[in-house]
1. Can you tell me which of 72, 76, 81 is at pLDDT below 95 and under 13 Å from residue 31 (Cα atoms)?
2. Determine whether residue 35 is at pLDDT below 90, surrounded by 13 or more Cβ atoms within 10 Å (Cβ to Cβ) and in contact with a strand residue (DSSP E or B) (Cβ under 6 Å, 6 or more places away or on another chain).
3. Residues being surrounded by 20 or more Cβ atoms within 10 Å (Cβ to Cβ) and either among the hydrophobic types (A, V, I, L, M, F, W, C) or free of Cβ contacts under 8 Å to residues at least 12 places away in the same chain (or both): count how many of those fall in the stretch 44-58.
4. Taking the stretch 7-22 only, how many residues are in a helix (DSSP H, G or I) and out of contact with any helix residue (DSSP H, G or I) (no Cβ under 6 Å at 6 or more places or on another chain)?
5. Which ones in the stretch 29-43 are assigned to a loop (DSSP other than H, G, I, E, B) and either of a type outside the set (Ser, Thr, Tyr) or touching a residue at least 40 places away in the same chain (Cβ under 8 Å) (or both)?
6. Of the numbered conditions (1) at positive phi; (2) at pLDDT below 85, residue 62 satisfies every one except a single condition; which is it?
Amino acid sequence: DLFAVSLEERSDWNLVDLNYKYDAIRNGYVLISENGSGDFYGFKVVNGVCDSKIYFYDHEVETWQDSTHSNLFDYLEKFALSN
């Protein structure tokens with residue numbers, strides 16, 4: 001399960017607030033989603049630009065890893081467009 005993110009200022013899942021709240025985790029990444037278990041999905045920032053590949057942060061080993069999602073559409077297809 002993934003928690004939806006929002007750009008609504010008063011949302012508990014505001015994307016900007018989420019990135020500030022988890023500043024240490026997102027170092028070098030832009031968080032786009034959280035799975036409810038402390039893990040995150042995000043874009044890696046390379047030379048000030050987000051890579052198109054989606055990465056996965058595993059809170060148990062406290063590291064970013066490659067995910068199976070080659071881009072945002074692939075990610076959305078699995079989690080948002082499949083229901």
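The values are calculated or read from the model by the stated rules, or taken from the named source; none is laboratory data. Quick caveat: nothing in here was measured; it's all calculated off a predicted structure. A quick note on method: Cβ atoms are made from the backbone with ideal geometry, for glycine too, and the neighbour counts reach across all protein chains shown.
1. 72
2. Here the answer is no, as residue 35 does not meet what is asked.
3. Count: 1.
4. 6
5. Within the stretch 29-43, 35, 36, 38, 39 qualify.
6. (2)
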